[in-house]
Structure formats: structure tokens, C-alpha cells
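Below you'll find the structure, written out as C-alpha cells, and then a few comments.
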Amino acid sequence: MKESKEKNINILLLQFQRAQKKSKQLTNDLTTERSQLIDSCKYLTNCSNYIVLGIMTKTGQIGIDSLRRWVDSLNIKRGYLIAYDRNNNEIDYQLLNDIPVYIKYNS
């Protein structure tokens, strides 16, 4: 009985180690893929006459932070930030800090 438990524990440990190794490989693959995606976006930006970005986030603050990172990373023109409600009325963008937003950027 004790040998059977030890055997099962060793099998589970081996399965866990294999899963851990696979997870690390997936993480490395995603890091490489993300890097390639960033390089592609930068290349396309340099070849373009204008840029349109759409960012959908859980909060306005996350969205604005994300937009700033994209603008800085792609080295594109930083414009004025104007917020509109669903009725197309201009509002203070800080009212959107804690609610889901869609941000549209046009260069």
C-alpha cells in the first residue's frame, strides 16, 4: 500500500513537472510573439500616413494609461483628449475613470 502511494505521488510529481515545463515554454512563446507584434506595429506606423487605434478597457484610467503607452511606444503624435458620453455630448474625461470605456485615437 505504501509503495502504491509513493508511486502515485511520483507519477503526479512527474506530471506536475512536465506541466510546469510546458507552461514556461508557453510563456516564452507569448513573450516572443508579443515582441514580434510590437515590432510589426512600429513598422506599420512608420509606413502609414495616419493611425487609428481602438482601446476598450474596464476603466477610463486603464484606457488612458494604455493609450499613452501606445502613443509613446509608436512615437506618434499626442493629441488632445476629449471625452463624449453615449449621447455624443462632450464631458470631462475624469468622469470616466472608474467605468468601462472605448477610446478611439486618430492621428
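The values are calculated or read from the model by the stated rules, or taken from the named source; none is laboratory data. This structure is a prediction, so every number in the text was calculated from the model and none was measured. Quick reminder, even Gly has a Cβ in these numbers, built from the backbone with ideal geometry, and neighbours come from all protein chains shown. Accessible surface areas use protein heavy atoms only, side chains included; no ligands, DNA or RNA. Shrake-Rupley method; radii C 1.70, N 1.55, O 1.52, S 1.80 Å.
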Give all pairs with beta carbons closer than 6 Å in which a residue from the stretch 66-94 that is open to solvent by 100 Å² or more (accessible area, probe 1.4 Å) meets a residue that is among the hydrophobic types (A, V, I, L, M, F, W, C) and not in a loop (DSSP other than H, G, I, E, B); count only pairs at least 6 apart in sequence or on separate chains.
78/71
Expected single match for open to solvent by 80 Å² or more (accessible area, probe 1.4 Å) and within 22 Å of the chain's Cα centre (by Cα) among 31, 59 is 31
Any residue at all in the stretch 44-65 that's part of a helix (DSSP H, G or I) and aromatic (Phe, Trp, Tyr)?
no
For the subset of the stretch 71-90 comprising residues that are hydrophobic (A, V, I, L, M, F, W, C) and modelled with pLDDT under 90, which member is nearest to residue 43 (Cα to Cα)?
74
Go through the stretch 38-56 and count every residue that is loosely packed, with under 11 Cβ neighbours inside 10 Å, under 27 Å from residue 100 (Cα atoms) and either at pLDDT below 85 or not aliphatic (A, V, I, L, M) (or both).
2
